[in-house]
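First up is the structure itself, then whatever we jot down about it.
The values are calculated or read from the model by the stated rules, or taken from the named source; none is laboratory data. It should be emphasised that the depicted structure is a prediction, and the values quoted were computed from it without experimental measurement. Heads up, the Cβs are rebuilt from the backbone with ideal geometry, glycines too, and the neighbour counts pull from every protein chain shown. Note: areas computed on protein heavy atoms with side chains; ligands, DNA, RNA excluded. Shrake-Rupley method; radii C 1.70, N 1.55, O 1.52, S 1.80 Å.
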Amino acid sequence: MDGIVLLAKQPGDTSFSSLFNVKNALNTTKVGHTGTLDSFAQGLLVVCVGRLTKLAGNITEFNKSYSAIIKFGEETDTLEYTGEVIKKASLPSLESLKSILNKYKGELDQIPPAYSAIHVNGKRASDLIRAGKEVEIKSRKITIFENNLVNYKLNNENLVEYCQIDFTVSKGTYIRSLARDIAKDLNSAGHLVGLYRTSVGNFSIKDACGYDLMQDFSIENAIKKAEEYKDNIVNKENYDRNIIQQEIKTNIISFSENCAEMCGFKSVFINSQFLMDFKNGKPIKYKWFKENLNFSEDDKIAVFSEDKNFNGLIKNEKNHLSYVFVIN
C-alpha cells in the first residue's frame, strides 16, 4: 500500500521503533519518515509508505511547530533531561524571560547540539562525542516565525524554574539549542524536560493516528517523567496497539492532488499518450501535459495520470523540467 501516515510518536520511543505499528498494520517494511524526533520527545511523525518512500526526502523543507518545556538552572551535555549536568546557574525572573523572547524571532544563527545526528567528517556528531573525540559544529541560519510563552512555574522567590514555550520554526532548527541559548542570554542555564511536535507543514498532530492516546503535555507531566527517568522508573506506554494499527489502516492518506498541495507541490496531469514516455524517463516536453505550465524556479511538481494516479515528481530548474523520481 502506498500513502502517507500521520503518526503520534509516544515519548520514550525512538522514531525508528515508532514505525513498528505502521509496518505491522500495513504489512510492509517500506516506510520512511520525513524528520526524526529525539526519543525523549513526542508528537507528529509524517511517514511515507510503499513507493511513496521516495517522497520522504522531498518533503523535509516544512516549517514545524513545537511546544517545549525548559528547566532553568542546569544545562546538560545533551541539552535534555537524560544527559549529565555540566553547568549550573541562577534562575531568571519572569520579566527578563518575557523580554528576552523578543530577541528570538526572525532569522538567527544557531549552533546545533553536539549530541545530534549532524555529520562531521562523514560521521554523526553524537557518535564522535561518545567516542571521546572533540567536535566542532558550525552555526547555521534558522528562522523563528513565532514564539509564545504559554505557562511557567515559579519558585518561592518568584524566579522561573520551568516554562512552556510554543515555537514555529524553519527546517533544521534545534529546540534543544534554543533552550540553551535563551537560558544563556538570561545569565542562567537550561535544558529541555519536554518536547512536543504539533505540526509539520500543513499536517497537524490532531489528525495523527494515536493522537487520542497521547498524555496531556504539561509542565507537571514533564517534571514527573524527568524525575521517573532519574529514579530509574520505567513506565512503558501501555496502550492497545490494535487500536492504533486499525487507525493506520483506516486513515492512511493516498497521494492525491490535494495531498500534493499539502506537501507543498504543484500538480499537473499528463496526457495518456505520453505517459509511457514519462515512465521511461525520456526528456520532458511541455506538450505532454494538459495544463499550460507556468512554474517558479525550483518548484517541485507532482505528475498525475488522467485516472488521477500519482506517477512521479519533476522540478523546474532554470526553466527546464527535469525528473526527481518516477513511480513505475
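Assorted remarks:
- Selection count where residues are part of a loop (DSSP other than H, G, I, E, B) and under 14 Å from the mean Cα position of the chain (by Cα), scope segment 12-31: 1
- Taking the listed residues 260, 222, the one that is free of Cβ contacts under 8 Å to residues at least 60 places away in the same chain and not in a strand (DSSP E or B) is 260, with no other qualifying.
- Counting the residues of segment 311-328 that are surrounded by fewer than 17 Cβ atoms within 10 Å (Cβ to Cβ), touching a residue at least 40 places away in the same chain (Cβ under 8 Å) and not in a strand (DSSP E or B) gives 1.
- Only one of 62, 16 that is at pLDDT below 95, of a type in the set (Phe, Trp, Tyr) and in contact with a Gly (Cβ under 7 Å, 6 or more places away or on another chain): 62
- Residue within segment 267-288 that is polar (S, T, N, Q), surrounded by 14 or more Cβ atoms within 10 Å (Cβ to Cβ) and either part of a helix (DSSP H, G or I) or touching a Ser or Thr at 6+ places or on another chain (Cβ under 6 Å) (or both) present: no
- Restricting 161, 227, 157 to those that are at pLDDT below 95, out of contact with any Cys (no Cβ under 6 Å at 6 or more places or on another chain) and open to solvent by 30 Å² or more (accessible area, probe 1.4 Å) reduces the list to 227.
- Within segment 266-310, the set of residues being free of Cβ contacts under 8 Å to residues at least 60 places away in the same chain and of a type in the set (Lys, Arg) comprises 266, 279, 282, 285, 287, 290, 308.
- Qualifying residue in segment 32-47 (condition: outside any strand (DSSP E or B), open to solvent by less than 10 Å² (accessible area, probe 1.4 Å) and over 24 Å from residue 263 (Cα atoms)): no
- Qualifying residues in segment 198-214 (those that are part of a loop (DSSP other than H, G, I, E, B) and more than 19 Å from residue 172 (Cα to Cα)) - the one nearest to the chain's Cα centre (by Cα): 208
- Restricting segment 289-310 to residues that are in a loop (DSSP other than H, G, I, E, B) and among the basic types (Lys, Arg), the residue that is least open to solvent (accessible area, probe 1.4 Å): 290
- Checking residue 87 against (1) in a strand (DSSP E or B); (2) within 24 Å of the chain's Cα centre (by Cα), the condition it does not meet: (2)
- When residues of segment 97-146 are limited to those that are at positive phi and either modelled with pLDDT under 95 or in contact with a Cys (Cβ under 6 Å, 6 or more places away or on another chain) (or both), the one surrounded by the most Cβ atoms within 10 Å (Cβ to Cβ): 121
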